[in-house]
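Below you'll find the structure, written out as structure tokens, and then a few comments.
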Amino acid sequence: MTAKVNEIRGFPNRFDTTIADLEIKQSIFGPLRIDRLDVMRLSYDDSHYIFAANKIQNLFDNELTFSKGLASAVSNQDFLPTINFEAENVSVNGDLFFEQLNIKLWPTKALHKLNFSFYARIDSTVDPKPDLSFQGEIKLKSPLKFNESKAFISSLNTIKTVSGKLFNHGKEEIDAFLEQTSNSWEITLKAKSRQDIPKLIRDLDFVTIEIIQ
């Protein structure tokens, strides 16, 4: 991981740090890049960090931009932190997909697992039924580490599977399973009808749909 620390301000009450040209090596894809990342916390409370950015490159080999992007990491002393991410007007590779996106990661008792949920309001020009949510679990190939940022990123790079329930605009829940292959990702969805699956997802070339009778 490489970066430039441009500015630290706010002392003695706060530590607000501006980081430029952040680049994080990934095991499969090209380096994850963030042009500017603002890291904020109170000087007397190191259990709660807030991160702000508006562009991420090479996130699963895609470029994400958003008008507002805030993430928080809140730790519970001896336990791993709960991470929340909120963004508005999210574009993927230049195309607007989400008007709103909320992602949450929080620990389980097992260090190789994380609880995972998200809510998305899809842009109406992409899908006429915009509300999409997911509740499930992430399994890692090795235990998650949070003793330093480099170790944490390395742990997240060992994601093995993501599994859980997908909900589309109040419809019946859909079994979802995402697995990392040697050079990409594959998603398997089980539903009673293809129409139960959001158009945004079923049109992806790495999605397999199994119809349940």
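The values are calculated or read from the model by the stated rules, or taken from the named source; none is laboratory data. Not measured: the values here are computed from a predicted model. All Cβ positions, even for glycine, are placed from backbone atoms using ideal geometry, and neighbour counts span all protein chains on display.
Quick look at the values:
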quantity: Filtered residue count, region 20-48, keeping only those that are out of contact with any Ser or Thr (no Cβ under 6 Å at 6 or more places or on another chain), among the acidic types (D, E) and within 19 Å of F66 (Cα to Cα); calculated: 2
quantity: Residue check for F60: in contact (Cβ under 8 Å) with a residue 60 or more places away in the chain and within 23 Å of A3 (Cα to Cα); calculated: yes
quantity: Selection count, region 24-54, where residues are exposed (fewer than 15 other Cβ atoms within 10 Å of the Cβ) and within 27 Å of K160 (Cα to Cα); calculated: 5
quantity: Matching residues in region 176-213 - criterion: being aliphatic (A, V, I, L, M) and not in a helix (DSSP H, G or I); calculated: A176, L178, I187, L189, A191, I197, L204, V207, I209, I211, I212
quantity: Unique residue being aromatic (F, W, Y), within 23 Å of W185 (Cβ to Cβ) and over 13 Å from the mean Cα position of the chain (by Cα) when the list is F85, F29, F51; calculated: F29
quantity: Residues of region 114-144 that turn out to be over 15 Å from the mean Cα position of the chain (by Cα), crowded, with 16+ Cβ neighbours inside 10 Å and closer than 29 Å to N76 by Cα, as a count; calculated: 1
quantity: Boolean, F29 is modelled with pLDDT under 85 and in a loop (DSSP other than H, G, I, E, B); calculated: yes
